[in-house]
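> Before anything else, here's the structure in question.
Only the coordinates and a few stated rules stand behind these numbers; no lab work does. Here the structure is a predicted model, which is why all the values come from computation and not from measurement. Neighbour counts run over all protein chains shown; Cβ positions are idealised from the backbone, glycine included.
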Amino acid sequence: MTTDPPVVDPEIEAMWSEVLHNGHRGRWAFLPSGPRCTMCDQPLHGVGGKLLNAFTGIHAASLTPNMCNI
């Protein structure tokens, strides 16, 4: 008994391929600062990082400081 793989919309497949290969920009990526999260481009330190941490609680992860804690 074999099952066929599910049919996936090509647009959705292309979107996920882009996100997984190139990352995605977070909605707070417009804030100035560096360094940034390697996956979502959120600021982690500096003025932007302090604002983001104060309003949302997003900060550098403790085990991987070049990525955010999301």
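> Can you compute 3J(HN,Hα) from phi for each residue in segment 10-20, using the Karplus curve 6.51 cos²θ - 1.76 cosθ + 1.60 with θ = phi - 60°, rounded to whole Hz and x for Gly and Pro?
Along segment 10-20, the couplings run x, 5, 5, 4, 5, 5, 5, 4, 4, 5, 6 Hz.
> Counting other beta carbons within 10 Å of each residue's own, what order do Met39, Met15 fall into, fewest first?
Going from least to most buried by this count: Met15, Met39.
> Another question about this same structure. In nm, give the distance between the simple-model label positions of Ala29 and Leu51, each being 7 Å from the Cα along the Cα-to-Cβ direction.
About 1.7 nm separates the two model spin labels.
> At 0.36 nm per residue, and after removing the present C-alpha to C-alpha distance, how many nm does the segment from Asn66 to Val19 gain when stretched out fully?
Gain on extension, Asn66 to Val19, equals 15.1 nm.
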